[in-house]
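Worksheet: one structure, shown below.
The values are calculated or read from the model by the stated rules, or taken from the named source; none is laboratory data. Since we're looking at a predicted model, the values are computed, not measured. FYI the Cβ positions are ideal-geometry reconstructions off the backbone, even for glycines, and counts take in every protein chain you see. Heavy atoms of the whole protein, side chains included, go into the accessibility calculation; ligands, DNA and RNA do not. Shrake-Rupley method; radii C 1.70, N 1.55, O 1.52, S 1.80 Å.
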Amino acid sequence: MDLFGRSQSVSSESKEKSSYSGSHSVFSTDQKTDLLWSKVSLERPTDSFFGESRYLTRLWVSRNEEPLDKLYRAEIVPRIRAVLKLLAFREQHVLVQFWSPRVTGRHQLLTTLDQPFGLGVANEELCFYRRDSERNTFLVDKDDEKDVSPPARVFRQGLPEWTSDITNYLPKHFPQYDSAIRCNLHGYLALPVFDSTTRLCAGVLELLMSSKNSSYAFEVQQVHKALKTQNLTISQVFDSTTPKVPTECRQDELVKIFGILKSVCDTHNLPFAQTWAVSPSTSFVSHDKIIKECCSSFDTICTGKVCMSTAGLPFEVRDLLKWKFKDECRVRHLDKSKGFVGRALESRGSCFWEDLTKLNEEEYPLVHYARIYRVSSCLAIFLHSVETNNDYVLEFHLPLGTKDGRFVQDVVETLKQMIPVDSGFVLGDTSPMDWSDSESTVTNVSDQGSSTNVSTGKRCATMFIDDEETSSPLKKLKIDFDLVPSVPVKVTFVQSAINFRLPVPLKLVDLETEVAQRLNLEGKRPRLKYKDEDDDLILLACDADLRDLLRYSASNNTTTIKLIITVGR
């Protein structure tokens, strides 16, 4: 019998110890490995990685022998297998398997039988757990309220579930609890897989490993990139404040905020500015035997907390050194009750800090990176959108060593000028006794504008904000470090190309006019197109299409907008 319970004859030469430390396997590591793998229908990894990736573990993926009895399964199975072949992990003792819905009579069941799976290393523990999984099916009918397993809960809710250690589950919430512990499996991550075209849930990708990881952000990124190659996605997985169906008014709102950040930085020569918002709960984590809602950082540090994030929100970087600090902010969350941004939100206020580097990690969790990248003075101001009822925290990092309160007040005055009453935004109270005082007064402002003074030992000025979940569809846009608010554009026409810059916010008519003038297309309207991730040409027909292009470029870390032109009258 092989490790999957199938009859076979195995030579004594094959029964060698695996190179995996601490495990005994009938799978050898010599030249006879290929023969033995074929007996259990696993395919050897072929592609090699480069750089740091060469230290990662690729998966041995099940061969394409699944019964293709239905069109749906015939379509999804090869795509999942292709995804598994692209994955790589930080350890060897890992199992990845796909759970797929199957209609049986009047019920819908979730099963991993005959579905693709992959092993980081072949040993008895992983193969035993895989075999045990094949024996389990879970009811996922909409009218059934019993969510007895993580894959079933993930499929029905469309949201991820994870834990640093399976022992954090109650056995009743994890049917394969005993089997997992017996097989030395602790780390757990289950992700819903959606078809990018139909937006329907195609199944659940389940990852189990021996390590008790405190964060699964790396694994989630790996899966996300691999799924994109097969036109699949993980809905709401990444820490973002993006709603499922972004509206045009929200897009306009974020474009306006980007313009505010850019203009203020240009006017006062500020090195860096970014936007914060409360991070929504878009995953579930099992901790202390309880399944709780959590943000999408996939980090235990956020468990049981309300976090703030900059992911998916506008920012402006003019100092190259601050770019890495921005990246650190993007991948880390701030506890709403800690840090000067969180503390300002908790007090419904805005704060000015003369030197962030003097704070400790309890007061400002990013202080280590602030010291590395020479970030010191900072001004945080709340902004409320009247139209969408969204709230934001605008964070402006001032030139190194800024101590002059008048400079801070000048920045505030510029903001007031940029955000008039009819702008659609409400800038809270920004009028303290003196910005340069060691102790300032916090002004608590109510909806009606009444206020009371409260003494504080921190340098704060409070303004109105509504603390609700916020969301935005605009991805970060990496603009060149220029002194003007502009975006680089490259247009290809026949066999030639032109490069230029246009101011942001950008309108389609301005772009078309600029292209026509530079190419001498008198009386003709250029038809501008770009290639999407599937290499299809997409026509820019309106301003909304152009905003989609900006978000697409940002999500692919592209600083230059690349266009292809055809000519029409």
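Each label was represented as a point 7 Å from its Cα along the Cα-to-Cβ direction; for GLU248 and LEU400 these points are 4.6 nm apart. Three principal axis extents describe the C-alpha atoms of the stretch 486-566; from largest down they are 35, 26, 21 Å. Fully extending the segment from PHE500 to LYS212 would add 98.7 nm, taking 0.36 nm per residue of separation and subtracting the current Cα-Cα distance.
Can you pull out the GluC sites (Glu not before Pro) in the stretch 345-389 that DSSP calls coil and that have at most 12 other Cβ atoms within 10 Å? Present the calculation step by step, with values, prior to reporting the outcome.
Values: sites: GLU346, GLU354, GLU361, GLU362, GLU363, GLU387; in loops: GLU354, GLU361, GLU362, GLU363, GLU387.
Loop-located and lightly packed - GLU361, GLU362, GLU387.
Modelled this way, with points 7 Å down the Cα-to-C-beta line, the labels at VAL386 and ASP141 are 5.2 nm from one another. Loop-located trypsin sites (Lys or Arg not before Pro) in the stretch 170-227 (DSSP state other than H, G, I, E, B) with a sparse environment of at most 15 neighbouring Cβ atoms within 10 Å: ARG199, LYS212. Charged neighbours of CYS265, selected by a Cβ distance under 10 Å, balance to -1 (K, R count +1; D, E count -1).
With a 1.4 Å probe and every protein chain kept in, tell me what percent of the accessible surface of the stretch 486-566 is carbon plus sulfur.
On the way: 1990 of 4350 Å².
So the carbon and sulfur contribution to the accessible surface is 46 percent.
Over all orientations, the stretch 240-376 has a Cα convex hull whose mean projected area works out to 9.3 square nanometres. Looking at the stretch 90-191, I'd like the Rg to Rh ratio, where Rg is from alpha-carbon atoms and Rh is Kirkwood's inverse mean 1/r. The Rg/Rh ratio comes out at 0.95.
Computed over the Cα atoms of the stretch 352-433, the ratio of the radius of gyration to the Kirkwood radius (Rg/Rh) comes to 1.03. Distance from the Cα centroid of the stretch 75-134 to that of the stretch 305-361 is 40 Å (rounded to whole angstrom). In this simple spin-label model, placing a label point 7 Å from the Cα along the Cα-to-Cβ direction at both THR566 and THR267 gives a separation of 4.4 nm.
In a DSSP loop and with at most 12 other Cβ atoms within 10 Å, the GluC sites (Glu not before Pro) in the stretch 132-226 are GLU145. Extension gain for the segment ILE181 to ALA82, taken as residue separation times 0.36 nm less the Cα-Cα distance, is 32.7 nm to one decimal.
Quantify, in whole percent, the carbon and sulfur part of the accessible surface of the stretch 42-233 (1.4 Å probe; protein heavy atoms only). Could you put the intermediate results ahead of the total?
Numbers: 4170 of 8250 Å².
It is 51 percent, rounded to a whole number.
Over the stretch 42-233, the alpha carbon radius of gyration divided by the compact-protein estimate 2.2 N^0.38 Å works out to 0.97. Accessible area per residue for the stretch 486-566, computed on protein heavy atoms with a 1.4 Å probe, is 54 Å².
Taking R0 as 41 Å, what's the FRET efficiency between ASP545 and GLU362 from their Cβ-Cβ distance, rounded to 0.05?
On the way: r = 47 Å, r/R0 = 1.14.
Once rounded, the FRET efficiency stands at 0.30.
Where does the stretch 87-149 land on the Kirkwood hydrodynamic radius, alpha-carbon pairs, in angstrom?
Values: mean 1/r = 0.0760 Å⁻¹.
One decimal place: 13.2 Å for the Kirkwood radius.
Evaluate Rg over Rh across the stretch 295-433, taking Cα atoms for both radii and Kirkwood's formula for Rh. With Rg and the Kirkwood Rh in hand, the quotient comes to 0.95.
Relative to the current alpha-carbon distance between VAL148 and ARG525, full extension at 0.36 nm per residue lengthens the span by 129.8 nm.
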